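**Student:** Handing you this structure, nothing more for now.
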Amino acid sequence: MGIRNSRTGWGWLAVTFHWLTALAVIGLFASGIWMVDLTYYNKWYNTAPHWHKSIGMLLMFLLVARLAWRLFSVTPEHEASVSKPERIAAGIAQVLLYLLLFTVVLAGYLIPTANGNPVEVFDWFTVPASITGMDLFGMAQEDLAGKIHEYAAWALVIIAGVHAAGALKHHFIDRNDTLKRMLGIRS
Amino acid sequence: MRNLFIALAASLFVAGAAQAEPMEYKIDKGHTFITFEISHIGFAFLPGTFNDFDGSLTFDEANPENSSTEITVDVASIDTEHAERDKHLRGEDFFNVEKFPTASFKSTGIEMDGNTGKLMGDLTIKGTTKPVTMDIELKNAAKDPWGNYRVAFEATTEIVLADFDIDNYGLGPASSTADVKIAVEATRK
């Protein structure tokens, strides 16, 4: 398995991008739901949002690299046994996943940077604010971005669930190599 | 003749006093600040500002007790230089601005002794109205360099968060009160 994709399978870079994204999305969604209800004196009160934002910003950079790799390299063809409607559904789900991933990370980035403060990525480096002080629909930037971040995150995990259910169907019912290919297993 | 003179002087004095009637002032928003300070868990004090507000001021320099003021604050304009904190403060844990978008202060009386005194009024936050007494200081009342007659006041008070139902998040005992300051400049209309 090389770094590059081929007509019949994913290269290891695409596989790594995929599973890092999956891991980050699950961790970020769970931590996001949990941390917004932390009470003031909880020991995670400051650390959890700091890690959430740090990993979220790293995911944003990963997504840019991942999308570039996807657009400028070969995309493997579907397994022969995958039907036309399934191919269309899978394609729509994947486009939505990319759109929602970018929406969630960008909206997330626009919350803490809304009044010009940078985001600290662990204690490694900071990402400066860009769009600040936006006031849309009578809402401050951090409030509107916060709502978009939350709703888009829910949409993302729901569609990711459908995407995963599709992969499991290919594996256990259709018994084709769709999931194995994304796990880097050659049959 | 002498009586006539006294009567004339008295009538002039009354007329003079009558002229010093309460005057309408326009609040200079660029030089008016509604700020607060609250302790951060017993460490440093955290300052904040309400950026959007509207108000009226009637000021009687000769008889300050005839003065009155009313200020309405857009609570969502709270600004503590930290977007996530401001978002949290606007939410249900604190001000719940979707349900209670405005806070207001309406004066009910003023007692001045020289340049300092007490400003009594009704303070409404989160739909709860309580009487408060603010310490007030007249900082200046004079012509400004651009030809307006300008006044400046500072009024301060301490607010108990529990009185206005903004204490439910559990900031801790050191943060149960906030010092509020209203620094107003206004020009005579």
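Any read-out appearing in this document is the output of simple, stated calculations on the displayed coordinates, not a laboratory observation. Quick caveat: nothing in here was measured; it's all calculated off a predicted structure. Methodologically, a virtual Cβ is constructed for each residue, glycine included, from the backbone with ideal geometry; neighbour enumeration extends over all protein chains shown.
**Student:** Give or take rounding to whole Å, what are the principal axis extents of the alpha carbon atoms in the range B:17-75, in descending order?
**Tutor:** Sorted from largest, the Cα extents of the range B:17-75 read 53, 22, 16 Å.
**Student:** So what is the 222 nm mean residue ellipticity for chain A from helices alone, if each DSSP H run of at least 4 adds -39500 (n - 2.57) and you divide by all residues, rounding to the nearest 500 deg cm²/dmol?
**Tutor:** The helix contribution divided over chain A gives -20500 deg cm²/dmol.
**Student:** Something else: Let me have the relative contact order for chain A, percent, based on Cα pairs under 8 Å that are six or more residues apart.
**Tutor:** Working: 212 pairs, mean separation 45.2, N = 187.
Relative contact order comes out at 24 percent.
**Student:** Grab the other residues whose beta carbon is less than 12 angstrom from that of B:ILE71, score K and R as +1, D and E as -1, and report the net.
**Tutor:** Neighbour charge sum, excluding B:ILE71 itself: -3.
**Student:** Cross-link candidates for A:LYS84: which lysines have Cα within less than 27 Å, leaving aside residues fewer than 8 places away along the same chain?
**Tutor:** In chain and number order, the partners are A:LYS169, A:LYS180.
**Student:** Can you compute the charge dipole magnitude of the range A:1-87 about its Cα centre, using +1 on each Lys and Arg Cβ and -1 on each Asp and Glu Cβ, nothing else charged? Give it in debye, rounded to the nearest 20.
**Tutor:** Numbers: 8 positive and 4 negative charges, 42 e Å.
Dipole about the Cα centre, nearest 20: 200 debye.
**Student:** Let me ask something additional. What's the longest bit of chain B with no exposed GluC sites (Glu not before Pro), using DSSP loop states and at most 13 other Cβ atoms within 10 Å as the test?
**Tutor:** Working: sites that count: B:GLU81, B:GLU92, B:GLU98.
The longest uninterrupted stretch comes out as B:99-189.
**Student:** Enumerate by residue number the trypsin sites (Lys or Arg not before Pro) in the range A:1-81 meeting two conditions: DSSP loop (anything except H, G, I, E, B), and at most 13 other Cβ atoms within 10 Å of the site's Cβ. Walk me through the numbers on the way to the answer.
**Tutor:** Working: sites: A:ARG4, A:ARG7, A:LYS43, A:LYS53, A:ARG66, A:ARG70; in loops: A:ARG4, A:ARG7, A:LYS43.
Within the range A:1-81, the qualifying trypsin sites (Lys or Arg not before Pro) (loop, at most 13 other Cβ atoms within 10 Å) are A:ARG4, A:ARG7, A:LYS43.
**Student:** Would you mind getting me the FRET efficiency between A:ALA164 and B:GLU81? Use the beta-carbon distance for r and R0 = 41 Å, nearest 0.05.
**Tutor:** Numbers: r = 42 Å, r/R0 = 1.02.
Once the sixth-power term is evaluated, E becomes 0.45.
**Student:** Is the shape of the range B:94-133 best called rounded, prolate or oblate, per the rule: a/c under 1.5 gives rounded, else a/b larger than b/c gives prolate, else oblate, with a ≥ b ≥ c the square roots of the Cα gyration tensor eigenvalues? Intermediate results must be reported in sequence, preceding the final value.
**Tutor:** On the way: a/c = 4.11, a/b = 3.31, b/c = 1.24.
It is prolate, given that a/c is not under 1.5 and a/b is the larger ratio.
**Student:** Separate question: Could you go through the range B:119-127 in sequence order and give the Karplus-derived ³J(HN,Hα) for each residue, using 6.51 cos²θ - 1.76 cosθ + 1.60 with θ = phi - 60°, rounded to whole Hz, and x for Gly and Pro?
**Tutor:** Once rounded to whole Hz, the list reads 10, 9, x, 9, 9, 10, 10, 6, x.
**Student:** Within 11 Å, Cβ to Cβ, of B:LYS143, how many net charges do the neighbouring residues add up to if Lys/Arg are +1 and Asp/Glu are -1? Display every interim value, and only then the final one.
**Tutor:** Details: positive: B:ARG150, B:ARG188; negative: B:ASP144.
Taking every other residue near B:LYS143 into account, the sum is +1.
**Student:** To continue, here is another question. So, counting K/R as plus one and D/E as minus one, what does the shell of residues with Cβ under 14 Å around A:THR103 add up to?
**Tutor:** Working: positive: A:LYS147; negative: A:GLU150.
Result for the neighbourhood of A:THR103: 0.
**Student:** Explain nothing, just the number: relative contact order of chain B, from Cα pairs under 8 Å at least 6 residues apart, as a whole percent. Intermediate results must be reported in sequence, preceding the final value.
**Tutor:** Details: 401 pairs, mean separation 43.0, N = 189.
The value is 23 percent.
**Student:** Where in chain A are the helices, taken as whole DSSP H runs, whose Cα atoms extend 24 angstrom or more along the long axis and whose Kyte-Doolittle mean reaches at least 1.0? Before the final figure, lay out the partial values.
**Tutor:** Numbers: long enough: A:12-35 (33 Å, 1.60); A:47-71 (36 Å, 0.76); A:84-110 (39 Å, 1.37); A:141-168 (39 Å, 0.71).
Span-like helices, by this rule, are A:12-35, A:84-110.
**Student:** In the range A:16-113, which GluC sites (Glu not before Pro) fall in coil by DSSP and have 12 or fewer other Cβ atoms within 10 Å? Display every interim value, and only then the final one.
**Tutor:** Values: sites: A:GLU77, A:GLU79, A:GLU86; in loops: A:GLU77, A:GLU79.
Answer in residue order: A:GLU77.
**Student:** Mean 1/r over all different Cα pairs, inverted: what Kirkwood radius does the protein assembly as shown give, in Å?
**Tutor:** On the way: mean 1/r = 0.0390 Å⁻¹.
The Cα-based Kirkwood calculation yields 25.6 Å.
**Student:** Search the structure for amide H atoms under 5 Å from the amide H of A:SER6, placed 1.01 Å from N in the peptide plane, and list their residues when 5 or more places away or on another chain.
**Tutor:** Distant-sequence amide H within range of A:SER6: A:GLY11.
**Student:** Hey, how many Å between the Cα centroid of the range B:93-171 and the Cα centroid of the range A:13-69?
**Tutor:** With the range B:93-171 and the range A:13-69 each reduced to a Cα centre, they are spaced 43 Å.
**Student:** Could you run the Debye sum over the Cα atoms of the range B:46-189, one equal point scatterer each and no solvent, and tell me log10 of I(q)/I(0) at q = 0.10, 0.15, 0.19 Å⁻¹, two decimals?
**Tutor:** Results for the range B:46-189 at q = 0.10, 0.15, 0.19 Å⁻¹ read -0.38, -0.81, -1.16.
**Student:** Here is a follow-up. Compute the acute angle (0 to 90°) between the alpha-carbon long axis of helix B:2-19 and the principal axis of greatest extent of the alpha-carbon atoms of chain B; round to the nearest 10°.
**Tutor:** Taking the Cα atoms of chain B, the angle to B:2-19 is about 30 degrees.
**Student:** List the lysines whose alpha-carbon lies under 29 Å from that of A:LYS147, not counting same-chain residues fewer than 8 positions away?
**Tutor:** A:LYS43, A:LYS53, B:LYS87, B:LYS99, B:LYS126
**Student:** Would you work out the relative contact order for the range A:108-187, in percent, from Cα pairs under 8 angstrom that are 6 or more residues apart? Let's see the in-between values first.
**Tutor:** On the way: 73 pairs, mean separation 15.4, N = 80.
The value is 19 percent.
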